[in-house]
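A.B. asks: Following this message is one structure expressed as structure tokens.
The values are calculated or read from the model by the stated rules, or taken from the named source; none is laboratory data. These numbers come from a predicted model, not from an experiment. Backbone-built Cβ (ideal geometry, glycine too); neighbour counts: all protein chains shown. Each accessible area value is taken on the protein alone, full model and side chains, heavy atoms only, with ligands, DNA and RNA left out. Shrake-Rupley method; radii C 1.70, N 1.55, O 1.52, S 1.80 Å.
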Amino acid sequence: MSSAEAKKLVVVVLDGLRYDAARKYLGYMEHLVEQGEVTCYQVQSQLPSLSRPLYEVLLTGTPVARNGITANHIARLSREQSVFHLAVAAGLRTAAAAYHWVGELYNRAPFNPVTDRHQHEENQPIQHGIFYFEDHYPDSHLFLDAEHLRTTYDPSFLYIHSMNIDDMGHKHGGESKQYEGAVRAVDGMLATLVPLWRSQGYEIIVTSDHGMNAAGQHGGTEPEERNVPLYVFGELPIPSPKLQGDQGLSQLYLAPLMCHYLGIKPSGAMVKWE
């Protein structure tokens, strides 16, 4: 689908999902790969392989050394132009069902659960948001929150960020049956929703921020902590030299990829596809 045609995008970020677990346990997504409808790429996350810094990387296409979101405790608004900012500036409607750290980066910080769980403000980068604040908030509820936003507000850009895989990884390790079970559960949710989204004209990206090692940790340089999947319909609209051999694709390319699918111009700080 060309950038001129594609104006509706769903981005699903499965927090803590490592590449090898995705390829083994996301049976529905891998079915689409087998059918030739979807391609799965390996992405190497930026460092540190921590959540809040990588939320900023995914949505602004800038490394930590530039954006300053260097650790999970840096709770402030982003100083970069995110895909949300760019989409709103282009006249597109935005929405997010996500962990509250996403809201703190782009709408309001610090997050107040009493006033900020539901946000509907046309002048904000995330115009329609439902934000949760407990890591065990059920992914099943999160995806229904997203569907409420999608069907009620018809966003061009819908960002869905789930936390149960990461939560199970921290509690039981990235090679535990609990972690595996959380991945398999999300696959069932995608099996329900992806066909619906596609039938209604959405481009879809499924990816992760970081992985998880066997000890239930991430933040460092291990492949288990850094290597994550990227599922797209068709193939990436980039020349193959941008792929980094065994390391895969740089995570910095995901923000301009989102812009491409939305048909909007990336920020000047984002890496160029050419």
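A.B. asks: Can you give the relative contact order of the chain as a percent, counting alpha carbon pairs under 8 Å and 6+ residues apart?
C.D. replies: After rounding, I find 36 percent.
A.B. asks: Taking the Cα centre of region 102-230 as origin, sum charge times position over the Cβ atoms of Lys and Arg (+1) and Asp and Glu (-1), and report the length of that vector in debye to the nearest 20.
C.D. replies: My answer is approximately 200 debye.
A.B. asks: Now for a different question. If you roll a 1.4 Å probe over the chain with all protein chains in place, what percent of the accessible area is carbon or sulfur?
C.D. replies: 51 percent
A.B. asks: Among rounded, prolate and oblate, which fits the chain when a ≥ b ≥ c are the square roots of the eigenvalues of its C-alpha gyration tensor, a/c under 1.5 means rounded, and a/b larger than b/c means prolate?
C.D. replies: Note, shape of the chain comes out rounded.
A.B. asks: Here is a follow-up. Quick one: grab the alpha carbon gyration tensor of region 4-64, order the square roots of its eigenvalues as a ≥ b ≥ c, and give me rounded if a/c is under 1.5, else prolate or oblate depending on whether a/b is larger than b/c.
C.D. replies: Since a/c reaches 1.5 but b/c is at least a/b, the shape of region 4-64 is classed as oblate.
A.B. asks: Could you tell me the accessible area of K272 in Å² (1.4 Å probe, neighbours in place), rounded to the nearest ten?
C.D. replies: Result for K272: roughly 110 Å² accessible.
A.B. asks: What does the net charge come to around R79 if you take all other residues with beta carbon closer than 12 Å to its beta carbon, with K and R at +1 and D and E at -1?
C.D. replies: Once all neighbours under 12 Å are counted, the net charge is 0.
A.B. asks: Tell me, what is the 1.4 Å probe accessible area of R198, in Å² to the nearest 10?
C.D. replies: In the full protein context, R198 sits at about 90 Å².
A.B. asks: Continuing with this model, one more query. Over the chain, with the other protein chains present, what is the accessible area per residue in square angstrom, probe 1.4 angstrom?
C.D. replies: Averaged over the residues of the chain, the accessible area is 39 Å².
A.B. asks: Cut-off under 30 Å on the C-alpha distance; same-chain residues fewer than 8 positions from K8 excluded. Which lysines are left, in chain and number order?
C.D. replies: Leaving aside lysines fewer than 8 places away in the same chain, those within reach of K8 are K24, K242, K265, K272.
A.B. asks: Let me ask something else about it. Please report, in cubic angstrom per residue, the volume enclosed by the convex hull of the alpha-carbon atoms of region 19-121.
C.D. replies: In region 19-121, the Cα hull volume divided by residue count equals 145 Å³.
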